[in-house]
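Colleague: Next up is a structure, given as C-alpha cells.
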Amino acid sequence: MASGGANYRNGTQRNSLKGTTTATDRQLSMNSNPSKAALKNKSLSLVGASSGLRKSSPGSLGGGTAKDDAGVPGRVRVAVRLRPRSAEESVADADFADCVELQPEFKRLKLRKNNWDTDTYEFDEVLTEFASQKRVYEVVAKPVVESVLDGYNGTVMAYGQTGTGKTYTLGRLGEEDTADRGIIVRAMEDILADVSLESDSVSVSYLQLYMESLQDLLDPTNDNISIVEDPKSGDVSLPGATLVEIRDQQSFLELLQLGEAHRYAANTRLNTESSRSHALLMVHVKRSVKGRELAHSSQNGNSTNIAKSLRPTLVRKGKLVVVDLAGSERIDKSGSEGHTLEEAKSINLSLSALGKCINALAENSAHVPVRDSKLTRLLRDSFGGTARTSLVITIGPSPRHRGETTSTIMFGQRAMKVENMLKLKEEFDYKSLARKLDIQLDKLIMEHERKQKAFEEEIERITTDTQNQISEAERNYADAMEKERLKYQKDYMESIKKLEEKWMMNQHKLGERKDQTASTAQEVAELKKLLSKETSLRKAAEEEVNNLKSQLAQLKMSEASANSESLKLRKMLEDEAYRKEKLEGEISMLQTQLLQLSFEADETRRRLDRGGPGKVPGDLDSLISQVRPQVNDSVNEEKASIANLFEQVGLQKILSLLEAEDADVRIHAVKVVANLAAEESNQQKIVEAGGLTSLLLLLGSSEDEMIHRVAAETNQELIMSEGGIRLLSITAANAEDPQTLRMVAGAIANLCGNDKLQNKLRGEGGIKALLGMVKCGHPDVLAQVARGIANFAKCESRASAQGSKTGRSLLIEDGALPWIVQNANNDASPIRRHIELAVCHLAQHEVNARDMITGGALWELVRISQDCSREDIRTLAHRTLTSSPTFLAELRRLRIDY
Ligand code: ADP
Ligand code: MG
C-alpha cells in the first residue's frame, strides 16, 4: 500500500484500480485482453445493427460525457517504463540515487521529491529497467493488436522526454538481436500470423508530423497531407497518404527502413531532429467475416449463386496507430538549436494540445480542444473515442531530469483517467461488391458487343448470300421462260400448220363425204349391233371361264383324294404281288416235286414191268426209284419192292452211299435209308448194319437242308435212341428257314406222341427246343409246335391215368404254360385245336390245377368248354372242369357260377 495515503493522488479513485484492488487483479487486467470476451459477445449483438460506423459525436475526443450505449467501456491503459542508466549517467550520477523507485509487484512508482519525501503513483503496469522488449510488447501492445485483429481501432503511443527510450520501445527493428525487436515489429508479426492473405488485407501508412505539417514518410514529395474527417462518423482518414499493402514481414521491415531513411533526410533538410517530430505508423487490417456469411446463407437455404454474388461481404476494419511522440521536454530547456519562439511554439503545439485534451478528458470537461492541433485531430479516436488505447510513458533514472520525469508521470496519470468506448468496425463491403459487379458488367458488355458484332456480320453474310441466290434464280427463271416461250411458239406454229392441212383435207373430203353420209349411218347401226353381240358373247365367255375355274378347283380336290386312294391301292397291290410271288414259288416247287414224282413213278413202273432178279442197277437214280414208295401203288406193292431192294442191292451198299463224296449221292442215300426205315421190320436191320450211326453222323456234319429234312422224317425211335433229339434240338436252334423248322418241329411233334419216349425226349431238351421254335412265328411251324404239345400232353395224361407217371406235367415244368395260354385262342384253327386239346389233357390231373390257375389257363378251359367249335372238345373241357375240385373251388372263390 502507499506509504503516504495523502500523496496518493493519481486519480485512480475514478477507475477500477482502487487501492483495494489486489495486484493480481490489476496485472490480469493489464496483461490479458480484459474486455475481449465482453467485446466478442457485444460484437455479436452489434452485428447488423451497427453499420460499423462510429456513433460518437464529432468532438467526442473531449466528450467523455458522450457515452455511447453500443460501445464497451475501455479505459486508456498506461504503463511506465524506466530506462536503465546510460554509461554517461552512470558516471555523472554515480553519487546520486535514481529519482524514481519502482515497485513492479505493486505496480507503483515512487518519485523522490527530496531525500525524505516521495510521491507514490500507481500505473497499469510498471516496467523496470530490466523489463525485456518481449514483456513490454506483451503487456503494452499485444492486447491492442488482438483487438485490432478483431475489428477495433487501437492505439499504442509512447510519451516521454527525449532519450528515455520511446523509439527504443516502439521502433527497434532488432536486426542484430531479435530480442531487441520493438513493439512495431512484433505487432506486425502477430498481425501477419493471424490474417489470411487470401481474404484479408494489411496495409500501412507511415507519416511524420512536424510543425503542424504532415509528411508522408513513404513518399517524401508528399509533404502536406490533409486530414479528412467524416462529420457523421467522426472517422479520420488521410486520403493523400501512401498506403502500402503488406504481405510479409520482410517487406514490412524494408518499408520501415525506407520510412526511417526518408525521415532522416527530411529532418536534415528541415534542420531538425527526429525528437522534434511525431512519427505515426498506421496499420489497416481489413478482414472478411466468413462465418457470418455462411450462417446467413444457410438461413436462406434457397439463395441462388447470383444472390450470393450480389451480397456484399461483411468486413471488419481495424486500424492500429503507433505513435512515437516528439520529446516531451520543454523546448526552452533544450533550446540550444536556435529556433525562434514561434518555431518552438509550433513544434510543441501538437504535444501541448494533446496534454490539454487529455486533461479535459480526464476531468470530464465539457470542451475538449481536439481541433487545436493536427495531432489531436489525428488521435481523436484514440482518446475519448472508440479505440483501445495503450500508452507507455518512458522515463529516465537521472535526478537531473526530475522535473521532466515528474511532468511525464503526471501526463500518464491523467491519461489513465480517459475512458474510451470500444466499437467494432464492421461494415458491408459495398465498395468491393461494386467493383466486382463493375467487372462483371464490363465483361457482360464486352461479351454483348462481341455477340452483337458477330450477329451483324452473320446478317450481312446471309443478306449477301440471299441476294446472290435471288439474282441467280432470276437469271435461271428468265432463261427457262425464254426457252419455254420459244418451244410453245414452235408447237403453236406446227399445230396451226397441221390444222390448216387438215382443214384443207377435210374441205377436200367434204365433197366426197356428203355422198357417203347416208350409207355411213347405216354402217354405224350395223356396227352397233355387232358390238352388242360381241359384248354378250364376251359375257358368256366370261361365265364359261368362271364355270371352268370352279370345275377345275373341284377336280383338283378330287384328284387329291384320288391320289391318296391310289396310294392305298398301290400298297395293296404290292402286298398282293408279294403274296402272288410267294404262291408262285410254292406252286413251281410243288410242280417240280410232282414232275419228279411222276418221273420216278414212270421209272419204277417201267422197271417193274421190265425187271428180273440178279440184275444190280448201275445208277443210283434207278436205285432210288426202286426204293421210293410209289405214289399210286398199293401198300403191298411197296412193301414188296423194298423187300426186293434189300435182296437186290444189299443194305451195306446202300449205307455206304451215305458216306459218298458227292452231296447229291448222299442226299439220295438218306432218302433211301429213310424210306427203308419207314418199314418197321427194316429198322432193326439198318441199325444192325450201322446205318443209323452213319445217318446221324451225316446229320450232325451236313449243312444241307434236305438231309436235315429227311433225317427229321426218319424213324424217330431209332434216331432217339442214338441221340437224335439232341441233333434235332441243335437244328431247331440254328435253323432259320421256316421250311426246315417246320420239318424239325414236325419230327419233334411226332416224337412227342410216342409214349415210350416221353422222358427221354424231355430229358434231351426236346420240349424246350419245340418252344424255342415259336419265335419263328410262321403259322406252319407254330401248328407243329402246338401239335407236339398236344401229343405230349395226351401221352402224359395217359401215363398218369395208368399210374406210371406222378407229379406235375413236364410241359409245365419246362415253362410251356404261358405259350399255351397265350395261343389257346389263336386265330389259326390248327394251332387253336391242338392247344385246346392240350389244355384239356393237362386239366385232367389235379396235380396241374394250381399252376393252371396261376398261369391263367382256367379261363381258357372255361372258354373252351363254352365256345369251342368242336363239340367233342367242348364236352371234354366241361367234364374236366367239373370233375376238378381245385378248379371248382377257385370258381366259387371268385363267385363265378359255373
Ligand atoms: P527517445 O526515442 O525517447 O529519444 P531513444 O529510444 O532514442 O530515446 O533512447 C535513447 C538511448 O537510450 C538510446 O541509445 C537507446 O538505445 C537507449 N535506451 C533507451 N531505452 C533503453 C532500454 N530500456 N534499455 C537499454 N537502452 C535503452
Ligand atoms: Mg526517439
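Colleague: Show the residue pairs that are 6+ apart or on different chains and have beta-carbon atoms under 7 Å apart, the first residue being within region 386-409 and assigned by the TED database to the domain that holds A326, the second being among the charged types (D, E, K, R) and open to solvent by less than 10 Å² (accessible area, probe 1.4 Å).
Modeller: S398/D93; P399/D93
Colleague: Consider only pairs whose beta carbons are under 6 Å apart and that are at least six residues apart or on different chains; among these, list those whose first residue lies in region 152-168 and is within 15 Å of ligand 2 (Cβ to nearest atom) and whose second residue is part of a loop (DSSP other than H, G, I, E, B) and of a type in the set (K, R).
Modeller: Between residues of region 152-168 that are within 15 Å of ligand 2 (Cβ to nearest atom) and residues that are part of a loop (DSSP other than H, G, I, E, B) and of a type in the set (K, R), the close pairs are T164/R83; G165/R83.
Colleague: Residues in region 820-861 that are on the phi > 0 side of the Ramachandran plot and in a helix (DSSP H, G or I): how many?
Modeller: Residues meeting the conditions: 0.
Colleague: Quick test of your reading of the structure: L170 fulfils all but one of (1) open to solvent by less than 40 Å² (accessible area, probe 1.4 Å); (2) on the phi < 0 side of the Ramachandran plot; (3) more than 14 Å from ligand 1 (Cβ to nearest atom). Name the failing condition by number.
Modeller: With respect to (1) open to solvent by less than 40 Å² (accessible area, probe 1.4 Å); (2) on the phi < 0 side of the Ramachandran plot; (3) more than 14 Å from ligand 1 (Cβ to nearest atom), L170 is out only on (3).
Colleague: Residues S203, S132: which one is more than 16 Å from ligand 2 (Cβ to nearest atom), of a type outside the set (D, E) and over 21 Å from P104 (Cβ atoms)?
Modeller: S203
Colleague: Let me ask something else about it. Is it the case that some residue within region 480-497 is outside the structural domain of Y121 (by the TED database), under 60 Å from the mean Cα position of the chain (by Cα) and open to solvent by less than 80 Å² (accessible area, probe 1.4 Å)?
Modeller: For region 480-497, residues outside the structural domain of Y121 (by the TED database), under 60 Å from the mean Cα position of the chain (by Cα) and open to solvent by less than 80 Å² (accessible area, probe 1.4 Å): absent.
Colleague: Do you know which residues across region 362-396 are crowded, with 24+ Cβ neighbours inside 10 Å and over 25 Å from T162 (Cβ atoms)?
Modeller: Correct list: V368, V370, R380, D381, G384, G385, T386, A387, R388.
Colleague: Another question, then. Do the conditions hold for S226, that is, is it part of a strand (DSSP E or B), within 18 Å of L243 (Cα to Cα), among the small types (G, A, S) and more than 12 Å from ligand 1 (Cβ to nearest atom)?
Modeller: no
Colleague: Mind checking which pairs have a first residue in region 226-248 that is without any contact (Cβ under 8 Å) to a residue 24 or more places away in the chain and a second that is outside any strand (DSSP E or B), Cβ under 7 Å, 6 or more apart or different chains?
Modeller: So the pair list comes out as S226/G240; V228/P239.
Colleague: Only one residue in A786, A793, A801 is at pLDDT 90 or above and within 18 Å of V847 (Cα to Cα), so which one is that?
Modeller: Step by step, each of A786, A793, A801 is checked, and only A793 is at pLDDT 90 or above and within 18 Å of V847 (Cα to Cα).
Colleague: Which residue pairs have Cβ atoms under 6 Å apart, sit 6 or more places apart or on different chains, and have a first residue in region 842-869 that is open to solvent by less than 40 Å² (accessible area, probe 1.4 Å) and a second that is part of a loop (DSSP other than H, G, I, E, B)?
Modeller: As it stands, the answer is L842/S809; N848/R808; N848/S809; A849/S884; E860/A824, since those pairs meet every condition given.
Colleague: Please return the ranges of strands (runs of 3 or more DSSP E) entirely within region 87-148 where 2 or more residues are at positive phi and touching a residue at least 12 places away in the same chain (Cβ under 8 Å).
Modeller: Strands (runs of 3 or more DSSP E) meeting the threshold: none at all.
Colleague: Something else now. Filter region 154-167 down to the residues that are more than 8 Å from ligand 1 (Cβ to nearest atom) and open to solvent by less than 10 Å² (accessible area, probe 1.4 Å) and list them by number.
Modeller: Correct list: G154, T155, V156, M157.
Colleague: Here is a check on your reading of the model: is L837 of a type in the set (A, V, I, L, M) and modelled with pLDDT under 85?
Modeller: No; evaluated as a whole, the condition is false for this residue.
Colleague: Report the residue count in region 882-898 for those that are buried (at least 20 other Cβ atoms within 10 Å of the Cβ) and part of a helix (DSSP H, G or I).
Modeller: The number of residues fulfilling the criteria is 1.
Colleague: State which residue is least open to solvent (accessible area, probe 1.4 Å) when the search covers only region 204-223 and only residues that are assigned to a loop (DSSP other than H, G, I, E, B) and without any contact (Cβ under 8 Å) to a residue 60 or more places away in the chain.
Modeller: L218
Colleague: Is it the case that some residue within region 137-153 is under 25 Å from V236 (Cα atoms), near ligand 1 (Cβ under 9 Å from one of its atoms) and either open to solvent by 40 Å² or more (accessible area, probe 1.4 Å) or touching a strand residue (DSSP E or B) at 6+ places or on another chain (Cβ under 9 Å) (or both)?
Modeller: No.
Colleague: Shifting gears a bit: For region 246-256, which residues satisfy the criterion of being away from ligand 2 (no atom under 16 Å from the Cβ) and assigned to a helix (DSSP H, G or I)?
Modeller: Those that are away from ligand 2 (no atom under 16 Å from the Cβ) and assigned to a helix (DSSP H, G or I): Q249, Q250, S251, F252, L253, E254, L255.
The values are calculated or read from the model by the stated rules, or taken from the named source; none is laboratory data. It should be emphasised that the depicted structure is a prediction, and the values quoted were computed from it without experimental measurement. Glycine gets a Cβ as well: all are built from the backbone with ideal geometry, and neighbour counts include every protein chain shown. Remember, those area values only see protein heavy atoms, side chains included, never the ligands or the DNA or RNA. Shrake-Rupley method; radii C 1.70, N 1.55, O 1.52, S 1.80 Å.
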